[in-house]
Amino acid sequence: MNTSFSFKIYATTDQLPANWDTLTVGTVFLTKAYLEVLEKSAPKNMICNFIGIFENEELVGVALSQFLDLNKLESFGERDKCVKSAVRNFAFKNFCSHVLVIGNNMLTGQNAFSFSDKTDKVEALRTLKLASEELKSIFKSKRKKIHITTFKDFSADEVGIFDIPEFKNNYKFFTQPNMVFTINENWRTEQDYIDALTKKYRDQYKRARKKAEGIVKRKMHLDDIIAHENAIYELYHHVAKNAPFNTFFLPKNHFRVFKELLKDKFLFYGYFQDGQLIGFNTLIKNGNVMDTYFLGYDEGIQREKMLYLNMLYDMIAFSINKGFKEIVFARTALEIKSSVGAKPVQMFGFVEHSNPAINTKMDKLFCYLEPKTDWQERNPFK
């Protein structure tokens, strides 16, 4: 290791160096304010640590780690009842239940680390790998043996940095793609988007909008989020537990804390029918990129009113109106996101099991750990 490089591991945000945020220019998801959201409202089976990378005592990199204890989960996901799911659940419970993520398991995209342009990024990554080994020792001392260590999520353009000896025993995997919607630079309004659609998808848009008549969409402020906290959590939890796969569940206070700390960068929209909250979605402003976040809805009304599709159209309209360049729709519901114009971006990660014998079989094991989804890509534009 280059001896001019070192690292420090922090358990709380008040320990972070004063100049931490100077290293997070490209992403809101490594800023002190966002990390404080995790500190105050992370899922109960998650422990977050924050890592500073130093070169000659100068801060040149920042990173996030998340320890996940999958034994504390009430459910890995209730939608799929099949042999493969049963095998996956057995595998997680017995030899993959303690996972150390260098990155953010609650988001899609490269939210693992940010390095200074001035520094040697390969040396910084080597130092971050050493920090991950130290974290494993720290958790082991607390009787939490790490089974799996993973660095995630990286695009094809970003993975080259991992081509170093320190990662030779890691299995390079790819997951479901990140669905990214690129906003045409000539669009100024939602109508510009509608005009760009083929007749089939314009008709889909009109049908969805007609179905949603009677539903009132409302921007919700901190007081509103607090007032509706129980209903919000029920709507979120319904969607989350019916997902094909889960590694965490958000705590009830998560959205309140997010709004308190991120303020106008965190947007919360409620959907009401006859005065009752029947759905919501959330957005995070990340520079000129809009990141979609968690949502919730009443399943019966969702089907009848095409609520989820209407939420996607609302997110697109808002982002166009506000001059954003792209929308990160993340992974899940790939086909419907494709139908509104999002394109798949392949994401990669690196994973290593602490047991060398199991690690040599990671290519076989991984297909059980990462559920596959068959879907058909759509192209709604002329």
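The values are calculated or read from the model by the stated rules, or taken from the named source; none is laboratory data. Predicted, not measured: the structure shown is a model, and the values here were computed from it. We place every Cβ from the backbone using ideal geometry, glycine too, and count neighbours over all the protein chains shown. The accessibility values were calculated without ligands, DNA or RNA, using every heavy atom of the protein model including side chains. Shrake-Rupley method; radii C 1.70, N 1.55, O 1.52, S 1.80 Å.
Structural descriptor for the range 179-345: relative contact order 36 percent, calculated from alpha carbon pairs under 8 angstrom and at least 6 residues apart.
Per residue, the average separation of C-alpha pairs within less than 8 Å and at least 6 apart gives the chain a relative contact order of 23 percent.
Taking the DSSP beta bridges with both ends in the chain, the antiparallel portion is around 90 percent. Of the cross-linked pairs 259/364; 121/337; 32/144; 263/337; 145/285, those separated by over 30 Å at the C-alpha level are 259/364; 121/337; 145/285.
A simple charge model with +1 on the Cβ of Lys and Arg, -1 on the Cβ of Asp and Glu and nothing else charged puts the dipole of the chain at about 1100 debye relative to its Cα centre.
The apolar share of the surface of the chain, taken as the fraction of accessible area on carbon and sulfur atoms (1.4 Å probe, ligands and nucleic acids excluded), comes to 50 percent. Among the trypsin sites (Lys or Arg not before Pro) in the range 290-352, those located in a DSSP loop and surrounded by at most 16 other Cβ atoms within 10 Å of their own Cβ are 322, 325.
Along the charge dipole of the chain, Cβ charges K/R +1 and D/E -1, which of 239, 101, 60 sits furthest on the positive end? Value: 239. Annotation for the range 279-382: chymotrypsin sites (Phe, Trp or Tyr not before Pro) lying in DSSP loop with at most 15 further Cβ atoms inside 10 Å of their Cβ are 375. The longest stretch of the chain left intact once loop-based GluC sites (Glu not before Pro) with at most 10 other Cβ atoms within 10 Å are removed from consideration, loops following DSSP, is 214-382.
Surface exposure of the chain, expressed per residue as accessible area with a 1.4 Å probe, stands at 46 Å².
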